[in-house]
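A.B. asks: The structure follows.
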Amino acid sequence: MPRLPALPVLCLALLPAYSHAALPGWTRDPWLFLAPYAAALLPTLLVLGLLLGARLRRQRRQLVRLQQALQARAEHERGLLDRAPLVMWEMRRHDLRFTHVSAPDGALLGYPVNAWLAADFCSRTLYPPDAPAALAFLRGAGEPSLARHECRWIAADGRLIRLLAIVQRLGAGDDATLQGLFIDIGENPLSEQALRQSEQQYRSAFHDCPEIMLLIERHSGRILAANRAFEEATGLPADSACGHTSSELGLWRHHDQGRLVLSQLQSHDLQNVEVTLIRRGNEDFTGLLSARRVELDGQPAAIVVLRDLSALHHTRQLLHASEEKFAKAFYASPDALSITRLRDGRLLEANPGFTQITGYSPSEAINHSTLELGLWVDPADRQRLMRQLEQDGSAQHLSARVRTRDGQERLCEFNAQPLQIDGEDCALIIARDISERAQMQERLQQAATVFESTAEGVMITDLDQRIVAINRAFSAITGYSESEALGQTPQLLASGQHGQEFQEEIGSSLERDGHWQGEIWSRRKNGESYPAWMTISAVRNGGNRISHHVAVFADITSLKHAQARLDYQAHHDPLTGLPNRLLFENRLQLALDEAKTEQRRGAVLFLDLDRFKHINDSLGHPVGDLLLQGIAKRLREQLREVDTVARLGGDEFIVLMPSVSQTSDVERVASKLMGAFSTPFNADGHEFFMSSSMGISLFPEHGEDVATLVKNADSAMYLAKARGRNRIEFYTADLSFLATERMTLENDLRRAAERGELHLHYQPKQCLHSGRLVGAEALLRWQHPLHGDVPPERFIALAEENGSIIELGDWVLQEACRQMSEWQAQYPAFGPLAVNLAGPQLRQPRLVERISELLAAAGLEPASLQLEITETFVMSQKEEALPILQALKELGLQLAIDDFGTGYSSLSYLKRLPIDTLKIDQSFVAGLPDDPNDAAITRAIIALGHSMQLTVIAEGVETKSQERFLAFEGCQQIQGYVLSRPLSAEDFAARFLVSRQTLGSNAQAPL
């Protein structure tokens, strides 16, 4: 709002009327006229000084001093204005309400400025008798130009104060604005004393103004008055300058500029025109010129104010240079630099380093606090930084973790310095990312810790091979202390077991690859040699030149012992201590290579213990293991030092004779080995008479590789078993066919059921008392498409070896149940159908459930089925067998002990078994009635069965004499060829079963 431009004219109105004399001669003192103008311009200059001072906030010490000087001047000027008994104001004409008051609080009337701006201020503070005239004057004031009016006002303390109102109107109508001055004129209107005091104050303001002030004739430009600042700047006395123009005084550097300024002043006021003048000593200076046109006693004049900007320009240059340096440093720094306002913590500026470290761009960060951005991992770190800044005046080397925009954490070192910006307390905060440095320090610390704590010895040598550093492990391994080792060469540890070539190899590897690794023998301080695993590496400096060598070594004595133990365990049988298959095959391969080179012969002998499985099943594995250890010891005693006996597993042993002259040498050693079984073995209080079957293959005639020789010896061993066991057989070419046939049978057996090659045959059981049929046993038969009827003893053994016995047993149970159901539908009941269960079947977790399902599917009662379990399994698996047999019995099945007498039954355990029948093994029946041992065993079994109320049946009965003996001794049932061979289901039914149409439902078929 344009208030101040009219003030010079208002200031002239302050003068009494008689002072408005004609310009020529200037008979009156000109200061009387200049004083009001000076007072009017001082606030403008003050504001400009404050604005410029704000921009000098970051100057150095010299700039601060200059700012203080300028501030002192401004205070002086403000004091002059504050002491003046006047108030400048502006008012709306239509409601006579002050819109602006330029005066300190309490001026003239004692009211604060905001009270003047109230709507009812005039009506409330005008003295009532003077109010009508004063209000009428204000409504019609300013016509034609300036108007005066005196009236009394009520001061804040109740006093009446007479004020002179000088008013000028701007605009027309209700929108006009009134501008004016209130001057305290005391009790006497226009008193001479007040006038002189006012003139003195304004004369002082004109002369003491720090800026150059001139009163000039507007048309000619002649100087009418000049102040002290003019004299100081130009070196010209004011008296001598008056009456001359500035051009005549030679004040303009450019005369055209002086003429232009005077020309413009004729038509309008000038505001802040930058001009170049000449000061004393012919020195240029830049000034800021403002001029206000006035009328003095009807003559055109002008008040000119000129501010010397030289110091300001110099300050600006310094400030610009300082700001430029600061900006370059601020924005070029790789550290995160930010300026924070302490009042609310908001960021005012941030450099690219801030973005690089935090991920926030300046636009994202400015006007936000670091807490709002979530930069502090621990906000307490910021409080610690601010507290240190407040207490110490700065913060130095404070470490804290910050969180970046993408959530990563970085470790930074903070420094902070306080500063002021626009009167606000701020801080320059510098954050340096020390994450990598911290990590490096941590790695160095870890490396030092590892160096000292590692279990491996570490030795560092220089280029002269002198030891410069060792760790604790070095001393612990070698026995040398640090003082004893430093300065020595690695020869201190030389064992003497490595020659010059070894040392040259290490040196060559270091030169070529930069490192060497291998096993080396070293020597301790006490002279003891030990194996070490050592790694030597070359260390290069910044110039890529080798500066040191680092050797890291470990004592591997215990590792060597452990390797030896592992090697022994890997190549030897843990039970017998004999070489295992791996070591045997290695030695056999070595023997084959040597035999080929030296044109010599050798032999492989394959031994398998006869019926060893029965011992394991009856007495348990611990007894079997003791027996195997005894056999291994005896076999080893029969051989030469060059020969090898190994255990392949289970009850199989194999012997290597790497060098033989003739076949008879092999036969002699084989006989010696078989003779080792002639005397009994003792194991856990038991005495065992053992035998073995042996197969022999010779090389090179029976094979030139390991696999072939072992396979052929194995085939020969199976031939020995097939020919009755406890014998020796040499490999022949046809055994390969037999081995191939055996493999073919194993494969075919797995698919025999789905191909329909398996069948059940049935052998009847007879009651010796009634002569009637009391049951039958289901026996498995295999009709092979190529080999015909395969004997059960052959394919059952194969099934037990390859694990298919479980599938075969399940098929037998299913087929037996189906057939029994079919017979019961057509024929009267004749007793239970017996089925043999193998040991692996009895170990199946779902056996009872499976049999129950089969019975239900066939519609059979459980009593229709009898399960035969071998005595060997029952006795060998006592704790496992009892709950299984009890579960089967609870299902309602009949249970029989098969092959009774061949095992090692415990009578105390036998009486706990839920069995119904004892079946005398056919090996005891075969010698009846003539063999007294078989007869005695048979009588004992029959008596045992009667005493335990069990049914006793004899199997393998082939003659009438055997039948009569058994009937006489009290055996209840028999089974064997004396009754019938095993028959197919059709033949069995046709021969032994009677149709329901022929007999009653309760009749039993006679035999």
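The values are calculated or read from the model by the stated rules, or taken from the named source; none is laboratory data. Given the structure is predicted, the values throughout are model-derived calculations rather than measurements. Reconstructed Cβ throughout: ideal geometry from the backbone, glycine too, with neighbour counts over all protein chains shown.
A.B. asks: From Q408, Q446, grab the single residue that is farther than 21 Å from E372 by Cα and not hydroxyl-bearing (S, T, Y).
C.D. replies: Details: Q408 fails: farther than 21 Å from E372 by Cα.
Residue meeting the stated conditions: Q446.
A.B. asks: Of all residues being more than 22 Å from E409 (Cα to Cα) and touching a residue at least 24 places away in the same chain (Cβ under 8 Å) in the range 320-338, which is surrounded by the fewest Cβ atoms within 10 Å (Cβ to Cβ)? Just the residue, please. Give the derivation first.
C.D. replies: Taking the range 320-338 as the starting set, the residues that turn out to be more than 22 Å from E409 (Cα to Cα) are 320-332.
Those left that are additionally touching a residue at least 24 places away in the same chain (Cβ under 8 Å): 322-323, 326.
On the way: S322: 15, E323: 14, F326: 12.
Checked the range 320-338; the qualifying residue surrounded by the fewest Cβ atoms within 10 Å (Cβ to Cβ) is F326.
A.B. asks: Which of (1) within 60 Å of the chain's Cα centre (by Cα); (2) under 30 Å from A707 (Cα atoms); (3) among the aliphatic types (A, V, I, L, M) is the odd one out, the single condition I806 does not satisfy?
C.D. replies: Going through (1) within 60 Å of the chain's Cα centre (by Cα); (2) under 30 Å from A707 (Cα atoms); (3) among the aliphatic types (A, V, I, L, M) one by one, I806 breaks only (2).
A.B. asks: Give me a count of the residues in the range 966-1007 that are at pLDDT below 90 and closer than 21 Å to D930 by Cα.
C.D. replies: 0
A.B. asks: Which of the residues belonging to the range 275-284 are surrounded by 10 or more Cβ atoms within 10 Å (Cβ to Cβ) and either assigned to a strand (DSSP E or B) or at pLDDT 85 or above (or both)?
C.D. replies: Of all residues in the range 275-284, those surrounded by 10 or more Cβ atoms within 10 Å (Cβ to Cβ) come to 275-280, 284.
Those that are surrounded by 10 or more Cβ atoms within 10 Å (Cβ to Cβ) and either assigned to a strand (DSSP E or B) or at pLDDT 85 or above (or both): V275, T276, L277, I278, R279, D284.
A.B. asks: Pairs only if they're at least six apart or on different chains, beta carbon under 7 angstrom, first in the range 244-257 and assigned to a helix (DSSP H, G or I), second surrounded by 15 or more Cβ atoms within 10 Å (Cβ to Cβ); list them, first residue then second.
C.D. replies: Hits for this filter: Q257/V275.
A.B. asks: Collect the residues in the range 545-592 that are of a type in the set (D, E) and in a helix (DSSP H, G or I), keeping them in residue-number order.
C.D. replies: First pass over the range 545-592, keeping only residues of a type in the set (D, E): 555, 567, 573, 585.
Listed by number, the residues that qualify are D567, E585.
A.B. asks: List the strands (runs of 3 or more DSSP E) that sit entirely inside the range 712-804 and contain at least 3 residues that are in contact with a helix residue (DSSP H, G or I) (Cβ under 9 Å, 6 or more places away or on another chain).
C.D. replies: Those strands (runs of 3 or more DSSP E) span 728-730, 758-767, 773-784.
A.B. asks: Okay, next question. Farther than 19 Å from L639 by Cα, in contact with a strand residue (DSSP E or B) (Cβ under 9 Å, 6 or more places away or on another chain) and either at pLDDT below 90 or surrounded by 13 or more Cβ atoms within 10 Å (Cβ to Cβ) (or both): does that describe S715? Reasoning before the result, please.
C.D. replies: Numbers: farther than 19 Å from L639 by Cα: yes; in contact with a strand residue (DSSP E or B) (Cβ under 9 Å, 6 or more places away or on another chain): yes; either at pLDDT below 90 or surrounded by 13 or more Cβ atoms within 10 Å (Cβ to Cβ) (or both): yes.
Taking the combined requirement at face value, the residue satisfies it.
A.B. asks: Sticking with this structure for a sec: Go through the residues of the range 924-937 one by one and say whether even a single one is touching a residue at least 24 places away in the same chain (Cβ under 8 Å), surrounded by fewer than 20 Cβ atoms within 10 Å (Cβ to Cβ), assigned to a loop (DSSP other than H, G, I, E, B) and in the same structural domain as L760 (by TED's automatic domain parsing).
C.D. replies: So far as the range 924-937 goes, yes, one or more of its residues are touching a residue at least 24 places away in the same chain (Cβ under 8 Å), surrounded by fewer than 20 Cβ atoms within 10 Å (Cβ to Cβ), assigned to a loop (DSSP other than H, G, I, E, B) and in the same structural domain as L760 (by TED's automatic domain parsing).
A.B. asks: Restricting to the range 339-352, name every residue that is basic (K, R) and surrounded by 14 or more Cβ atoms within 10 Å (Cβ to Cβ). So that I can check it myself, show each step before the final result.
C.D. replies: Applying the first criterion (basic (K, R)) to the range 339-352 yields 341, 343, 346.
Within the range 339-352, R341, R346 qualify.
A.B. asks: If only one of E442, E504 is of a type in the set (D, E), at pLDDT below 90 and farther than 30 Å from Q417 by Cβ, which one is it?
C.D. replies: Numbers: E442 fails: farther than 30 Å from Q417 by Cβ.
The conditions single out E504.
A.B. asks: Quick one: I477 ticks every box in (1) in the same structural domain as L510 (by TED's automatic domain parsing); (2) in contact (Cβ under 8 Å) with a residue 60 or more places away in the chain; (3) outside any helix (DSSP H, G or I) bar one, so which box is it?
C.D. replies: Looking at each condition in turn, I477 falls short on (3).
A.B. asks: May I ask you to verify whether A816 is closer than 19 Å to L867 by Cβ and out of contact with any Ser or Thr (no Cβ under 6 Å at 6 or more places or on another chain)?
C.D. replies: Working: closer than 19 Å to L867 by Cβ: yes; out of contact with any Ser or Thr (no Cβ under 6 Å at 6 or more places or on another chain): yes.
Taking the combined requirement at face value, the residue satisfies it.
A.B. asks: Return the pairs, sorted by first residue and then second, in which the second residue is part of a loop (DSSP other than H, G, I, E, B), the first residue lies in the range 582-611 and is farther than 22 Å from A716 by Cα, the beta carbons are less than 8 Å apart, and the residues are 6+ apart or on different chains.
C.D. replies: Qualifying pairs under 8 Å: E594/R600; A595/P700; K596/P700; K596/E704.
A.B. asks: Can I ask one more? Checking A156 against (1) in a strand (DSSP E or B); (2) in contact (Cβ under 8 Å) with a residue 24 or more places away in the chain: exactly one of these is not met. Which one?
C.D. replies: Here A156 meets the rest and fails (1).
A.B. asks: Please enumerate the residues belonging to the range 418-440 that are more than 18 Å from T358 (Cα to Cα) and in contact with a strand residue (DSSP E or B) (Cβ under 6 Å, 6 or more places away or on another chain).
C.D. replies: Initially, the range 418-440 is screened for residues more than 18 Å from T358 (Cα to Cα), giving 418-427, 439-440.
Listed by number, the residues that qualify are P418, L419, E424, C426, A427.
A.B. asks: A further question follows. Looking at the range 75-93, which of its residues are at pLDDT below 85 and surrounded by fewer than 17 Cβ atoms within 10 Å (Cβ to Cβ)?
C.D. replies: E75, H76, R78, G79, D82, R83 - these are the residues of the range 75-93 that are at pLDDT below 85 and surrounded by fewer than 17 Cβ atoms within 10 Å (Cβ to Cβ).
A.B. asks: For the range 384-393, what are the residues that are closer than 16 Å to G345 by Cα and not charged (D, E, K, R)?
C.D. replies: Once the filter is applied, which keeps residues that are closer than 16 Å to G345 by Cα and not charged (D, E, K, R), the range 384-393 yields L385, M386, Q388, L389.
A.B. asks: I would also like to ask the following. In the range 224-243, what residues are polar (S, T, N, Q) and either part of a loop (DSSP other than H, G, I, E, B) or surrounded by 15 or more Cβ atoms within 10 Å (Cβ to Cβ) (or both)? Outline the logic, then answer.
C.D. replies: Initially, the range 224-243 is screened for residues polar (S, T, N, Q), giving 227, 234, 240.
Of everything in the range 224-243, those that are polar (S, T, N, Q) and either part of a loop (DSSP other than H, G, I, E, B) or surrounded by 15 or more Cβ atoms within 10 Å (Cβ to Cβ) (or both) turn out to be N227, T234.
A.B. asks: Then there is this: For the range 660-676, state whether one or more residues are under 14 Å from L605 (Cβ atoms) and part of a loop (DSSP other than H, G, I, E, B).
C.D. replies: Yes, that holds for at least one residue.
A.B. asks: I'm trying to understand the selection: among the residues of the range 770-800, which are surrounded by fewer than 13 Cβ atoms within 10 Å (Cβ to Cβ), in contact (Cβ under 8 Å) with a residue 12 or more places away in the chain and farther than 20 Å from L833 by Cα?
C.D. replies: Once the filter is applied, which keeps residues that are surrounded by fewer than 13 Cβ atoms within 10 Å (Cβ to Cβ), in contact (Cβ under 8 Å) with a residue 12 or more places away in the chain and farther than 20 Å from L833 by Cα, the range 770-800 yields only P785.
A.B. asks: Another question about this same structure. Checking A825 against (1) of a type in the set (A, V, I, L, M, F, W, C); (2) surrounded by fewer than 19 Cβ atoms within 10 Å (Cβ to Cβ); (3) under 20 Å from A896 (Cβ atoms), only one condition comes out false. Which one?
C.D. replies: It fails just one condition, (3).
A.B. asks: Filter the range 190-223 for residues that are over 24 Å from G250 (Cα atoms) and not in a helix (DSSP H, G or I); which is modelled with the highest pLDDT?
C.D. replies: Residues of the range 190-223 that are over 24 Å from G250 (Cα atoms), as a first pass: 190-205, 208.
Still in the running and not in a helix (DSSP H, G or I): 190-191.
Numbers: L190: 44, S191: 47.
Ranking the qualifying residues of the range 190-223, first place goes to S191.
A.B. asks: Ok, one more. Could you give every pair whose Cβ atoms fall below 8 Å, whose first residue belongs to the range 517-534 and is within 17 Å of A473 (Cβ to Cβ) and part of a loop (DSSP other than H, G, I, E, B), and whose second residue is modelled with pLDDT of 90 or more and of a type outside the set (G, A, S), counting only separations of at least 6 or pairs across chains?
C.D. replies: R524/I477; R524/T478; R524/Y530; K525/T478; K525/Y480; K525/E484
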